[in-house]
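Below is one structure, written out as structure tokens; the observations come after it.
Each value in this text was obtained by applying a stated rule to the coordinates, not by laboratory testing. Note that the structure is predicted; figures quoted are calculated from it, not measured. Using ideal geometry, Cβ is built from the backbone for each residue, glycine included, and neighbour counts are taken over all protein chains shown.
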Amino acid sequence: MRRLLVPHLALWIAGGALIRVAIVPPEVCPVVTAIEARQAAVDAGDWLARGIQDDGRFTYGYRRNIDQVPGEYNAARHTAAMLTLYQLAEAGERRFVDDGDEALRYVLANLVAAGGGTAFAEGTADAPLGANGLLAAALATRRDATGDPSFDGLMIDVGRFLVSQQQENGSMLAFWDRQTEAPLPDTYGIFATGEAFWGLTLLDAQFPHLDYLDPAVATAYYLARDRDRIEGQISRYPDHWAAYGMAQLGRDKLDDELIANARRLAGFFSIRLRVESQRTGEGVNLLVRGWPGPPSGVGTAGEGMAALWRLSATDARMTDMRAGMEDDLRCYAGMMVASQVDAAQAATYDRPDLGEGAWFYRDYSQMDDQQHNISALLAVLPLLEEAP
Amino acid sequence: MSFAFYAFAFLAVANPFRWRLSLPEDGELPRPQPLAIGLGVLIATAVIVAAAADSILDWLDVSAETWRIAAGIVVVGAGLWVMAFPQRRQEASLRGSAAGVVPVFFPVLFSPELFVVLKSTGADEGVGFTLWALAIPVAAVVLLSSLRRSPTSETVMTGLSRLLGALAVVVGIALIISGIRDV
């Protein structure tokens, strides 16, 4: 009998151990409060604000192991970080309006006439769609946070530029060419379309009498139906900007096809967050799960899920996902608060000011690591303020 | 996922044809008492596994969706195994009615792939749903127990066992996709 049972039991035990280690490592989700999450967002906002230079640009990144600040820059990340500072202000951290306005100076110094409107374009570069979509979002957020109409004209002009980049099928070309003074044909940005889509939805909320809604809806259908095929993605792209846009459009503008796309996106964000929660970056787990992912990537999943969670509050077609979304979002917030560099850790770096409040991926932190996670943590606050 | 899917999944994963071919027999028919005992223990075990599924997953810090992915991977592996080896080798047996526990309940009826699916279904759908789905292969093996073993019936059941192994691969893939896509 022993001869019969031992091989079977050995198979169960070995198989169980293999499954535990390789397929279902524990999903570790530290518990955090809304106060802790808000403080983490503020600390990361301070990282961005401390890095604003004389020309209004942010410190792009920091490599802590060799004490190096890279020289590169990115227009979309600039407007996204600026947006994040206004989001902090909108969430009640009013002092960040001034920091956002400091960053806005760089935008105002780099505006060009484009597409019958105005666009932000660094130096002599072509005008990028995505950066301007996020510029529209930043200015709309600033308007909500301050009530100040000073930049309404710029918002409308940027909106004209965004719409001018749209094609008949709802797709949006990624650049406006300075030389030809026309959209650059057949160029798409992996994030740019979603960024512009969201920007248009926010412009519609600011200026409902202007026609931003129809272009926004056209792009929503393009993202749901055609984007991945036309733009050469091998699978549906987990686009958190599209999630923002759909949440902003709201249930009345979303038919079942768009809701199906929202549900698919929620699935992508969920598996991303669940896998992240399984990563320890140590021992055997490192072999089967890899390093804990780039904070910017984790943040985008948090942002996307939080946007769809807001949508699920008003749309019964997503109610069944709500509990799972909340589990994922609480887990996300716990992970990110736990992994943020605090003052004591930063004090051991050559540049503590470039460490405190940041999230690092293998010794490197970049402005979008902070930006995405600030946005996501702020979006999760209403959930964390509820009783668990 | 629908009840139809789970009914199909339990049929493919439990594989009553493979069960039937592995039961201890008196002559050409399975011994009824060990089979009844084995099925009774299986159902009791299924109730416990399905009822405790949420608690077990909580204890393991694993979400139901992630467990569904693991279950799918196990089922795909088991399905491939069954396609290659549709009939178990004859297991040694305890004497008398104790044969209902070894080998009928374990290792014949209660397999790793059935365990992971019981736990996944229990966590997702609850005990009652799980038992209704399990009732389908249980009823099938009860019906098959009246079928005499002959060269022809053995060939047919071996082929059908292989077919259910292939369908188990499909079920496993569906579970993996569902676990990846669900929130």
- request: For chain A, give the magnitude of the charge dipole about the Cα centre (Cβ charges: +1 Lys/Arg, -1 Asp/Glu; no others), in debye to the nearest 20.
  value: 1640
query: Of all trypsin sites (Lys or Arg not before Pro) in segment B:76-139, which ones are in loop regions per DSSP and have a Cβ with at most 12 other Cβ atoms within 10 Å?
result: B:Arg89, B:Arg95
- request: Output the relative contact order of chain B, whole-number percent, from Cα pairs under 8 angstrom with separation of 6+ residues.
  value: 47
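Mind checking A:19-31 for the average number of partner chain beta-carbons within 10 Å of each residue's beta-carbon? Please list the in-between numbers first.
On the way: counts 8, 3, 0, 2, 9, 11, 4, 5, 6, 1, 2, 0, 0.
Per residue, the number of nearby Cβ atoms from other chains is 4 on average.
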- request: For a label point 7 Å from the Cα of A:Glu386 along Cα→C-beta, name the residues of segment A:25-60 whose backbone N is under 15 Å from it.
  value: A:34
task: Return the single residue from A:Leu85, A:Leu11, A:Leu354 with maximal mean-square fluctuation; model: Gaussian network over chain A, springs between Cα atoms under 10 Å.
output: A:Leu11
query: What is the spread of the Cα atoms of segment B:107-183 along each of their three principal axes, largest first, in whole Å?
result: 49, 25, 19
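With the cut-off at 26 Å, report for segment A:75-204 the share of all Cα pairs above it, as a whole percent. Write down the numbers at each step before the final one.
On the way: 1301 of 8385 pairs.
Pairs farther apart than 26 Å: 16 percent.
Quick check on the exposure proxy: order A:Cys29, A:Cys331 from fewest to most C-beta atoms within 10 angstrom. Could you put the intermediate results ahead of the total?
Numbers: A:Cys29 20, A:Cys331 23.
Fewest-to-most ranking of A:Cys29, A:Cys331: A:Cys29, A:Cys331.
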- request: Please determine, in degrees from 0 to 90 and to the nearest 10, the orientation of helix B:112-125 with respect to the longest principal axis defined by the Cα atoms of chain B, where the helix direction is its Cα long axis.
  value: 40
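To the nearest whole percent, what portion of all C-alpha pairs in chain A is separated by more than 26 angstrom?
On the way: 40249 of 75078 pairs.
Percentage above 26 Å: 54.
Please identify every one of the GluC sites (Glu not before Pro) in segment A:282-388 that sits in a loop by DSSP and has no more than 14 other beta carbons within 10 Å of its own beta carbon.
Sparse-neighbourhood loop GluC sites (Glu not before Pro): A:Glu282, A:Glu386.
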- line: Computed D for chain B, Stokes-Einstein, Kirkwood radius over alpha-carbon pairs, 10 °C, 1.306 mPa s, to the nearest µm² per second, is 97
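Using +1 on the beta carbon of Lys and Arg, -1 on that of Asp and Glu, and nothing else charged, what's the dipole of segment A:188-269 about the Cα centre, debye to 20? Let's see the in-between values first.
Values: 8 positive and 12 negative charges, 62 e Å.
The calculated dipole for segment A:188-269 is roughly 300 debye.
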query: Using all Cα-Cα distances in segment A:327-384, what percent lands in each 5 angstrom bin from 0 up to the longest?
result: 4, 19, 28, 23, 14, 9, 3, 0
field: Debye-sum result for segment B:52-121 in log10 I(q)/I(0), which assumes one identical scatterer on each alpha carbon, at q = 0.11, 0.15, 0.25 Å⁻¹
entry: -0.37, -0.63, -1.03
statement: All alpha-carbon distances of segment A:193-252, grouped into 10 Å bins from 0, give the whole-percent distribution 25, 53, 19, 3
message: Nearest 10 degrees is fine. How inclined is helix B:32-60 to the longest principal axis of chain B, computing both from alpha carbons?
response: 10
With Cα atoms, 0 to 90° folded angle of helix A:192-206 axis to chain A main axis: 60
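Please list, by residue number, every one of the trypsin sites (Lys or Arg not before Pro) in segment A:265-361 that is coil in DSSP and has at most 13 other beta-carbon atoms within 10 Å. Could you put the intermediate results ahead of the total?
On the way: sites: A:Arg272, A:Arg274, A:Arg279, A:Arg289, A:Arg310, A:Arg317, A:Arg322, A:Arg330; in loops: A:Arg279.
Nothing satisfies the criteria.
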message: Give the separation of the Cα centroids, segment A:222-253 to segment A:34-77, in Å.
response: 28
- line: Checked segment A:234-337 with the C-alpha gyration tensor, a ≥ b ≥ c its square-rooted eigenvalues, rounded below a/c of 1.5, otherwise prolate if a/b is larger than b/c and oblate if not; verdict prolate
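Taking a quarter of the surface of the Cα convex hull of segment A:1-160, what do you get in nm²?
Numbers: hull surface 64.8 nm².
In nm², the orientation-averaged hull projection of segment A:1-160 is 16.2.
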- prompt: Roughly how many whole Å is it from the C-alpha centroid of segment A:155-170 to that of segment A:322-368?
  reply: 36
field: Gaussian network model of chain A, Cα within-10 Å springs - most flexible of A:Leu88, A:Leu378, A:Leu184
entry: A:Leu184
task: Using a cut-off of 12 Å between beta-carbons, work out the net charge of the residues near A:Asp256 (Lys and Arg +1, Asp and Glu -1, A:Asp256 not included).
output: 0
